[in-house]
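A.B. asks: The structure that follows is given in the form of structure tokens.
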Amino acid sequence: MWFTKKKEARSKKYFSDEWVREWKGALEKSEHYKVKGKDWNASVLLRMEPPSTALKKAESIGFYLDLQYGECHDLRYAKKADKDLAEVILKADEATWLKLIEQKKDPAMMILKGSLKLEKGSLVMLTNQKEAAKALLQTAPSYGKEELDEEYISETVDKIPARKEHTSFNTTKRGLNFESFPMKLFQKAKQFGIWDPSAINFEKDREDWKKLSEEEKTIIIHLSSLFMAGEEAVTLDLLPLIQTISKEGRLEEEIFLTSFLWEEAKHTEFFSRFVNEVFVERPDFEHFHKPFYKKLFYRQLPEDLNRLYTDSSPMAQLKASGTYNMIVEGTLAETGYEAYHKMLKENDLLHGLQDGIIKLKQDESRHIAYGLYLINRLLDDNPDCKEPFEKHLEELLDDATNVIHEIFEPYDVVPFGLEKEWFLNYAIKQFQQRIDKLGIY
Ligand SMILES: [Fe+2]
Ligand SMILES: [Fe+2]
């Protein structure tokens with residue numbers, strides 16, 4: 001009871017007249033914001049929908065901020081008419097704004113997660129200015145708890161012992177469960193996953209290649225380099241997860257995972273064949289692997305998957321699947337393949353490459369579906385892991401969006417009409433759909 005009263009008292013203070021004045025004063029004085037916000041020159045409307053009691057009292061829809069190069073020229077309650085005036089409008093409910101203010105959550109991340117909506121303005125500009133947005137919200141008066149930064153679950157090392165003998169068999173004891181989701185995925189894998197990269201004809205692709213400009217060749221080499229290494233990484237790093245599932249005796253899941261690894265191996269073969277058969281000379285592929293790409297594919301993925309050799313706890317499995325299925329496959333690869341295929345189709349180019357990508361996308365959708373199944377199962381059995389799992393995804397999603405920024409960095413105008421905004425929007429949409437299915441956040 002005491003706790004409830006205290007909470008009520010705290011929420012009454014927020015968004016009041018006094019709170020707005022206090023925020024304005026803090027923002028005007030903040031040296032940190034002056035530095036982080038030095039490139040921000042736009043008026044912002046922070047909308048609260050539905051409005052809190054304090055806002056209703058003030059007949060306001062949120063807060064209007066006039067921000068110019070690190071200086072705050074105005075911060076006041078916003079009226080409906082400010083919707084036309086503001087260059088950027090962000091909308092969220094009261095709970096989300098409190099989360100941003102009290103727990104100092106990253107606003108760019110909340111947009112990606114879908115709880116903060118960008119109603120007006122450019123997502124690219126906002127993700128470029130995410131440090132300014134963070135610094136801005138940090139100056140808002142907070143009466144609550146700061147970031148809950150303690151680890152909820154200690155990183156217990158949980159080693160499943162190697163199997164010394166079989167005491168019985170799933171097939172003879174209970175029978176194989178053909179109705180289980182992994183077995184259904186396995187049936188689909190046998191139906192749609194049987195395609196042969198060596199049967200794809202790249203003859204027309206070779207002809208197309210000769211006609212491309214240097215800039216067009218560069219972007220195709222660039223994207224192919226990211227996909228080729230990415231497919232190799234997921235081929236090399238899947239094994240510890242399969243081993244963990246096998247040790248737990250989950251036969252149906254292991255059966256599906258045999259097709260999963262086989263398909264990743266074919267994807268690696270497919271890109272290697274394409275570049276060998278189409279590119280006249282072998283370019284320096286690794287030149288296109290920039291810091292955030294390296295962070296995710298060279299380090300994070302092997303680290304999170306290979307941890308399972310020594311720690312197969314539910315949290316370690318969640319981290320592995322979160323990195324592999326949710327971020328690498330579900331956010332980056334899916335976005336990349338969709339954009340790559342769209343670009344080739346619209347320009348009527350490289351039909352062999354197009355064919356392979358269509359097949360590969362089907363395979364990937366089964367991999368992601370399995371990942372969601374696994375994460376759901378783990379979270380259902382271990383609800384305490386939810387919070388640290390969200391935190392893990394949050395960090396990696398930030399890296400994934402930085403990979404997208406990194407891809408576009410070298411180009412003033414990207415050939416074939418590729419757009420960063422499209423990439424970011426698609427990646428966010430995919431991520432949001434997945435977390436909706438998982439019911440997290
Ligand atoms: Fe793949
Ligand atoms: Fe995959």
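Read-outs throughout are calculated quantities, based only on the coordinates presented, and are distinct from any laboratory measurement. These figures come from a predicted structure and were not determined experimentally. Positions of Cβ are generated from backbone atoms using ideal geometry, with glycine treated the same way; all protein chains shown enter the neighbour counts.
A.B. asks: Under a cut-off of 16 Å between alpha-carbon atoms, report the lysines in cross-link reach of Lys80, not counting same-chain residues fewer than 8 places apart.
C.D. replies: Cα-Cα hits under 16 Å: Lys56, Lys57, Lys91, Lys120.
A.B. asks: Could you tell me how far the Cα centroid of region 35-84 sits from the Cα centroid of region 379-441, in Å?
C.D. replies: 27 Å
A.B. asks: Here's something else I'd like to know. How much mean residue ellipticity at 222 nm does the chain get from its helices, if each DSSP H run of length 4 or more adds -39500 (n - 2.57) and you divide by all residues, to the nearest 500 deg cm²/dmol?
C.D. replies: Here the helix-only value at 222 nm equals -18000 deg cm²/dmol.
A.B. asks: With N set to the residue count of region 13-138, report its C-alpha Rg divided by 2.2 N^0.38 Å to two decimal places.
C.D. replies: Relative to the rule-of-thumb radius for its length, region 13-138 sits at 0.95.
A.B. asks: Normalise the Cα radius of gyration of the chain by 2.2 N^0.38 Å (N = residues in it) and let me know the number.
C.D. replies: Normalised by 2.2 N^0.38 Å, the Cα Rg of the chain equals 1.12.
A.B. asks: Counting other Cβ atoms within 10 Å, which chymotrypsin sites (Phe, Trp or Tyr not before Pro) in region 152-236 have at most 14 and lie in a DSSP loop?
C.D. replies: Tyr152, Phe169, Phe178
A.B. asks: On to the next question. Under a cut-off of 22 Å between alpha-carbon atoms, report the lysines in cross-link reach of Lys188, not counting same-chain residues fewer than 8 places apart.
C.D. replies: Excluding near neighbours in sequence, the set is Lys266, Lys359, Lys361, Lys437.
A.B. asks: For the chain, find the longest principal axis of its Cα atoms and tell me its angle to the long axis of helix 2-13, 0 to 90°, nearest 10.
C.D. replies: With rounding to tens, the tilt is 70 degrees.
A.B. asks: Still on this model: Once the Cα atoms of helix 386-408 and of the chain are each reduced to a long axis, what angle between those two axes, in degrees from 0 to 90 to the nearest 10, is obtained?
C.D. replies: 80 degrees
A.B. asks: Further question on the same structure: Roughly how many Å is it from the Cα centre of region 344-359 to that of region 196-268, as a whole number?
C.D. replies: Using only Cα atoms, the two centres lie 15 Å from each other.
A.B. asks: Summing Lys, Arg as +1 and Asp, Glu as -1, what charge do residues with Cβ under 12 Å from the Cβ of Phe271 carry, Phe271 excluded?
C.D. replies: Every neighbour counted, the sum reads -3.
A.B. asks: I've got another one for you. Counting Lys +1, Arg +1, Asp -1, Glu -1, what net charge surrounds Met343 among other residues with beta carbon under 12 Å of its beta carbon?
C.D. replies: Net charge in that neighbourhood comes out at -3.
A.B. asks: Which of the GluC sites (Glu not before Pro) across region 24-60 are loop residues per DSSP, with 13 or fewer other Cβ within 10 Å?
C.D. replies: Hits after loop and neighbour filter: Glu59.
A.B. asks: Right, here's the next one. Net charge near Pro51: determine it from the other residues with C-beta under 10 Å of the C-beta of Pro51, scoring Lys and Arg +1 and Asp and Glu -1.
C.D. replies: Local net charge: -1.
A.B. asks: Can I ask one more? Sort out the exposed loop trypsin sites (Lys or Arg not before Pro) in the chain (DSSP loop, at most 10 other Cβ within 10 Å) and tell me the longest stretch that has none.
C.D. replies: Of all site-free stretches, the longest is 175-441.
A.B. asks: Among the GluC sites (Glu not before Pro) within region 174-282, which fall in a DSSP loop and have no more than 13 other Cβ atoms within 10 Å of their own Cβ?
C.D. replies: For GluC sites (Glu not before Pro) across region 174-282 that sit outside H, G, I, E and B with at most 13 neighbouring Cβ atoms in 10 Å, the list reads Glu179, Glu248, Glu281.
A.B. asks: When all C-alpha to C-alpha distances in region 356-427 are sorted into bins of 5 Å, what percent of pairs does each bin hold, rounded to whole numbers?
C.D. replies: In whole percents, the pair-distance histogram is 3, 12, 14, 16, 20, 15, 10, 6, 3, 1.
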